[in-house]
Amino acid sequence: MLDIIAISISMTAILAYVNHRFIRLPTTIGVMATSLGVSVLLVVLDGLRWDVLGFVHRLKLAEAGFLQSVDFSQLLLQGMLSLLLFAGAMHVDLARLANYRWHVLALAIVSTSISTAVIGVAMWLVLPSLGMHLSLPYCLVFGALISPTDPIAVMGILRSSGAPRNLEIVITGESLFNDGVGVVLFSLLLALATSGDAPSASKASLILLREAGGGLAFGWILGYALYRLLASVDQYQVEVLLTLAAVLGGYALARHLELSGPLAMVIAGVMTGNRSRKQAMSETTRHYIDMFWELVDEILNAFLFVLIGMQALLVPFTSRMILAGALACIIALAARLLTVGAPIAFLKSATGLPRGSWVVLTWGGLRGGISVALALSLPSGDARDITLAMTYLVVVLSIFGQGLTIGRVVRRSVCARAIDGMTDSDRC
């Protein structure tokens, strides 16, 4: 275990240095591009037999062995995710979020559910034309894991896009909450795909209410308990430790109670970043807690995207899978336009968002490591291989294509001087 941790941190640090020193892309995109480039280069050179001394082949086997020793799905879904969601939610302004609560809830629940169905049915209809067959339940599983925007990717890239604050809060809030909804839908549909027994509408609704509603309630209880503890002590070392214990212990307890851990962490993080930060922390404690969670966020983000890039070595690609992944990317973007962009454009006068927001909301729907982790958790078989290949390609194309251009889309689509919901119409 110590060797794995040492190798992981060393690789992340080296790739982050290379990106900062020479490539100068945003950190998350840069480290992923570097690790992905190394993995692809190893595969190509090994395939072409350009390896007289066998160095490339040994290096490829070493990287593959390292990846197999690190269970990416377990590491992210049961380890890193709690820390990243809590750290991201701490930066959300609760007052601003409350102003757009119905926007966020509609996008997180209704749009994610409809997008799951649209993507699933579309892929079920398209794949046979490529000579690939995936059952409708598995296509819906793919729709569920690829529909939610990834909060880690969104928050990591959106910060530098220059989006107006009200639009940023809607995109961030949606990505934080639709992640939990997507995980619940994924679990329900995976049970259908593997067992063949579809749960009744009432049973599915009860499961959704228990996991999602219970996760929200548990997150509030956890956040309030943490607030009371922080208010009773004034020593920043203890208070930082309390926040860390609340995240790790709370996430583990939520899993054991079969509640949505991601949603619980979002609520606890929002409460800690707002009420606890203002009423239960001294200035010194705020400084150290902010610094600690910012470092956790940055380090784990970089590590996560390094692993995403390296996963290319283990994804079973064929020419037809690559084509299917490209089509899946187009379908996912079209579903995003249909379920998010179109309603925002149609209701533009009622949303209070700047003109052109529908473009940013559509293009800013980035997919990331959570989708890959869910795909990796599928049972072994042809369906898993097809789903994993499509998921990985959608994530890579989303991060590189949309992530690198979102700033330009923001500048061209909404007012550069939009502040707090007020837009300069002459500049839109």
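Bear in mind that the values in this text are calculations on the coordinates, not laboratory data. In this text the structure is predicted, and so the values were computed from the model without any measurement. Heads up, the Cβs are rebuilt from the backbone with ideal geometry, glycines too, and the neighbour counts pull from every protein chain shown.
Observations, loosely collected:
- Computed from label points 7 Å out along Cα-Cβ, the spacing between S135 and I221 is 3.6 nm.
- At an R0 of 45 angstrom, the distance between the Cβ atoms of R49 and Q78 translates into a FRET efficiency of 0.65.
- Label separation (A95 vs I9): 4.0 nm, computed from points 7 Å beyond Cα along the C-beta direction.
- Label-point gap, in nm, between L2 and L338 - each point 7 angstrom along Cα→Cβ: 5.5
- Projecting the Cα positions of G131, F66, L94 onto the charge dipole of the chain (unit charges on Cβ atoms of Lys, Arg, Asp and Glu, taken about the Cα centre) puts L94 furthest along the positive direction.
- Centre-to-centre separation between the Cα atoms of segment 20-86 and those of segment 319-343: 26 Å.
- Unit charges on C-beta of K, R, D, E only; dipole of segment 7-155, Debye: 240
- Take every Cα pair under 8 Å whose residues are at least 6 apart in sequence, average their separation, divide by the length of the chain, and the relative contact order is 26 percent.
- Extension gain for T405-A245 works out to 53.8 nm (0.36 nm per residue, less the C-alpha to C-alpha distance).
- Computed over segment 248-376: relative contact order in percent, which uses C-alpha pairs under 8 Å that are six or more apart: 16
- Gain on full stretching of the segment that runs from Y288 to H256 - 0.36 nm per residue minus C-alpha separation: 8.4 nm
- Virtual paramagnetic centre 7 Å along Cα→Cβ of S380, amide N under 20 Å, in segment 285-323: 311-318
- The charge dipole of the chain, taken about its Cα centre with unit charges on the Cβ of Lys, Arg, Asp and Glu (plus for the first two, minus for the last two), comes to roughly 920 debye.
- DSSP H segments from the chain that extend 20 Å or more along their own axis, Cα-based, with Kyte-Doolittle mean of 1.0 or above: 2-18, 27-47, 112-126, 165-195, 214-231, 319-336, 382-397
- All Cα-Cα distances of segment 72-427, cut into 10 Å bins from zero to the largest, leave 5, 26, 33, 25, 9, 1, 0 percent in each bin in turn.
- Along the chain, longest interval not containing exposed trypsin sites (Lys or Arg not before Pro), exposed being DSSP loop plus at most 10 other Cβ atoms within 10 Å: 50-428
- Kirkwood hydrodynamic radius of segment 130-169, from the reciprocal of the average inverse Cα-Cα distance over all distinct pairs: 12.8 Å.
- Quotient of the Cα radius of gyration of segment 2-69 and 2.2 N^0.38 Å, N being its number of residues: 1.21.
- Efficiency of FRET between V126 and S205 - r from beta-carbon atoms, R0 41 angstrom, step 0.05: 0.85
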